[in-house]
Amino acid sequence: MKKWNKGIKHVSCMLALTLSLSVIWPGTTGAASAQVTQIQANTFVGDPGEMVESFDITVSDVEKYKNLKASDFDITGNYDGYPLNAAGEIVQDNYEDDGITVSMKDHTIHMTVKPFKYPGGLKSEFAVTSKTYPELSFDKKSVTQVKTRTVDEFEKAQFTASNGVTLSYNLKRSPSKEAKPLMVWLHGGGEVGTDGRNHLTANRGAVVWTESGYDTSVLAVQYPENYSFKIYNNAEQLPIMKAYFEAQVELIQKLVAEGEVDPDRIYLSGVSSGGGGAFRFLMQYPDLFAGAIIVAAKDTVADYTGSVDAFKQELKGIVDVPMWIMHAQNDPTTDSRTSSLAYQALTEMGAKQVHLTLYDDAYMDSHRFYGGLKHWSWVPAFNNKEVIASLFKLHKGTAGEQTGSSSEHAVHPSEPVTRAQIAMVLADALQLSEGTEKYPYVDSAPDWAAQAIAKVTKAGLMKGIGNQMFAPESEVTRAQMAVIVDQILTNKDWKPATDSVELMFGDVDSKHWAHAAIRNSARAGVMTGVSKGKFDMKQIVTGAQLEQIMERLEQVGTK
């Protein structure tokens, strides 16, 4: 296969500066002493890339260091990872306070430090020196092992697809035995290569999902070469990109077939070259992804100096895909007009679940993203917990519709939920079997909800309101929701623990029709009061409350 071109020279240099460049400088070599048998650096992926937070120094004669103190060490070349000042000049402001603490266990000295860019900056690498114990001085060349939080959980492998393309990839598997979501991560141009690691450590794009608390697998393919700008007009490179995505989809389908991945919860995220790639991936496979986060996208769609019409032509197939598009307004590496025109095209074609965030210069400067660092819009993007939470709520419906989209049956956190929406959520979450009839009530139900209502009715989880009517569009009170919860608890064969506390609500009369259900849902920890001693039976259930109730139900054990 032909290699992808490097692109415009000065932009490639900027990518290298802002994403992954480091300069190797000589350092101390005291750790070569026979006293020191191993040095381990413990790192994590922070906003600027790989950061070190501690070192473990294993020594042969631990008694020699019984009086060791933090003040016996000094660190140079340590800084926070932001290499440009307001004038756009390369700087490396070393910490005045290294934040060192030391402790000893067995034969290992554990040294915590104020986290700094590993292994150093554009001017010099780090060096740890000790005048009191020179043999404990060391630098990067003396480090024998690097342990990186989350990154070490990725498995490195290769996959050769039926089209002949071989992918080098890293996969972090969900610990669950059930099928779980998959995040497909597309790295930037500065992380191309074959090292199998740089695309995981240059920024938080590979690790942010699980470190944010989501039980998901993460697939990170490392591409060997970057592609040129205006790939949409490149007859040589565009087929190569398409072939890579074709191979990646085959790998994803393999994970789905093996039961690891939920096909309705496959997400996509990419930055810079990967952001541009994300647009092309969506265009090539519009029905694959439940949602996407696209940051600082390269110009892969159409000419951003032209009209929106070309973007409409290219993006018409992904109008219904929820996505968050983010870009620094004056990004010097990838022009933000790609993002703004893509957003304009999608919204003018009727997209309701597409969001655009443009960070202006004032915002970027206030976060020290000066000069070339204005390309780093992935930092605020990956620190946006609300966007990540919204993405992981999305899943595709059985008909390929986005149930987390702006369609009429979408469940929104701040809005009341209807009986039809609850039926949909229950049927999906509990994996209910098909109903014996299409819709067992005399009133009408929306097409998207009829089968779900039949399922929950057959399971005994919900029933009509009387006169053979279900009232799909009616909102649900907390008392009504407690009755539904109580029935689910019954189906789970739940029994209260003998030592469980029975909550008392002053506003729930013992003769009320929902009294027993409220008592059980509270004792199970699924529904609690809105305040001390108050349940508020008439309060309408919102999407956020429904989500919390479903999460708590998952945690309730059986008899």
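The values are calculated or read from the model by the stated rules, or taken from the named source; none is laboratory data. Just so it is clear, the structure is predicted and the values come from calculations on it, not from any experiment. Please note: Cβ atoms are built from the backbone with ideal geometry, for glycine as well, and neighbour counts cover all protein chains shown. Accessible surface areas use protein heavy atoms only, side chains included; no ligands, DNA or RNA. Shrake-Rupley method; radii C 1.70, N 1.55, O 1.52, S 1.80 Å.
Things to note:
- Semi-axis lengths (Å, descending) of the ellipsoid that matches the C-alpha gyration tensor of the stretch 40-89: 32, 14, 7
- Accessible area of the chain divided out per residue, in Å², using a probe of 1.4 angstrom: 45
- Contour minus Cα-Cα distance for Thr101 and Ala157 (0.36 nm per residue): 16.4 nm
- Crossing angle, helix 447-458 versus the chain [Cα axis fit, 0-90 degrees, rounded to tens]: 70
- Over the stretch 38-143, the ratio between the Cα radius of gyration and 2.2 N^0.38 Å evaluates to 1.11.
- Cα-projected label distance for His110 with Gln313, points at 7 Å along beta-carbon direction, nm: 6.2
- Cα convex hull volume per residue for the stretch 229-274 (Å³): 76
- For Thr37, the residues whose modelled amide H falls within less than 5 Å of its own, excluding neighbours fewer than 5 places apart on the same chain, are Thr58, Val59, Ser60.
- Computed from the Cβ-Cβ distance with R0 of 22 Å, the FRET efficiency linking Ser366 to Gln344 stands at 0.25.
- Taking 0.36 nm per residue of separation and subtracting the Cα-Cα distance, full extension of the segment from Gln38 to Met504 would add 161.8 nm.
- When nucleic acids and ligands are ignored and a 1.4 Å probe is applied, Val256 ends up with an accessible area of around 40 Å².
- Shape analysis of the stretch 141-249 yields a ratio of the Cα radius of gyration to the Kirkwood radius, Rg/Rh, of 1.00.
- In the stretch 410-509, inverting the average of 1/r over every pair of distinct C-alpha atoms gives 14.8 Å as the Kirkwood radius.
- In this rough spin-label picture, where each label sits 7 Å from Cα along the Cβ direction, the Thr305-Ser71 distance is 6.4 nm.
- Potential lengthening between Lys147 and Asp536 on full extension [0.36 nm per residue; Cα-Cα distance subtracted]: 135.0 nm
- Calculated from backbone phi, Karplus (6.51, -1.76, 1.60) coupling profile of the stretch 152-162 in Hz, x at Gly/Pro: 5, 7, 6, 9, 8, 7, 10, 9, 9, 7, 5
- Over all pairs of different C-alpha atoms, the stretch 322-378 has a mean inverse distance whose reciprocal, the Kirkwood radius, equals 11.7 Å.
- Taking only alpha carbon atoms, the stretch 466-557 gives an Rg to Rh ratio of 0.96, where Rh is the Kirkwood radius.
- Taking the accessible area of the chain, probe 1.4 Å, and keeping the other protein chains in place, the carbon and sulfur fraction comes to 48%.
- Between the Cα long axis of helix 419-429 and the first principal axis of the chain there is an angle of about 50°, rounded to the nearest 10.
- Convex hull volume per residue for the stretch 69-197, taking Cα atoms only, in Å³: 197
- Backbone phi angles across the stretch 45-61, fed through the Karplus curve with coefficients 6.51, -1.76 and 1.60 (θ = phi - 60°), yield HN-Hα couplings of 9, x, 4, x, x, 6, 10, 9, 10, 6, 10, 10, 10, 8, 10, 7, 10 Hz in residue order; Gly and Pro are listed as x.
- Relative to the longest principal axis of the Cα atoms of the chain, helix 273-284 runs at roughly 30 degrees.
- Placing Met469, Met424 in order of accessible area, with the largest value first and a 1.4 Å probe, yields Met469, Met424.
- Sorting His187, His367 by solvent-accessible area of protein heavy atoms yields His367, His187, largest first, with a 1.4 Å probe.
- Couplings 3J(HN,Hα) of the stretch 63-68, computed from phi: 4, 5, 10, 5, 9, 5 Hz, in residue order, whole Hz [Karplus 6.51 cos²θ - 1.76 cosθ + 1.60, θ = phi - 60°; x for Gly and Pro].
- Inter-probe distance in nm under a simple model that places probes 7 Å from Cα toward Cβ, at Val556 and Gln284: 4.6
- Ordered by 1.4 Å accessible area with all protein chains kept, Ser130, Ser103 run largest first as Ser103, Ser130.
- Mean projection of the Cα convex hull over all viewing directions, computed for the stretch 216-331: 7.6 nm².
- The P(r) of the chain has a tail past 47 Å containing 26 percent of all C-alpha pairs.
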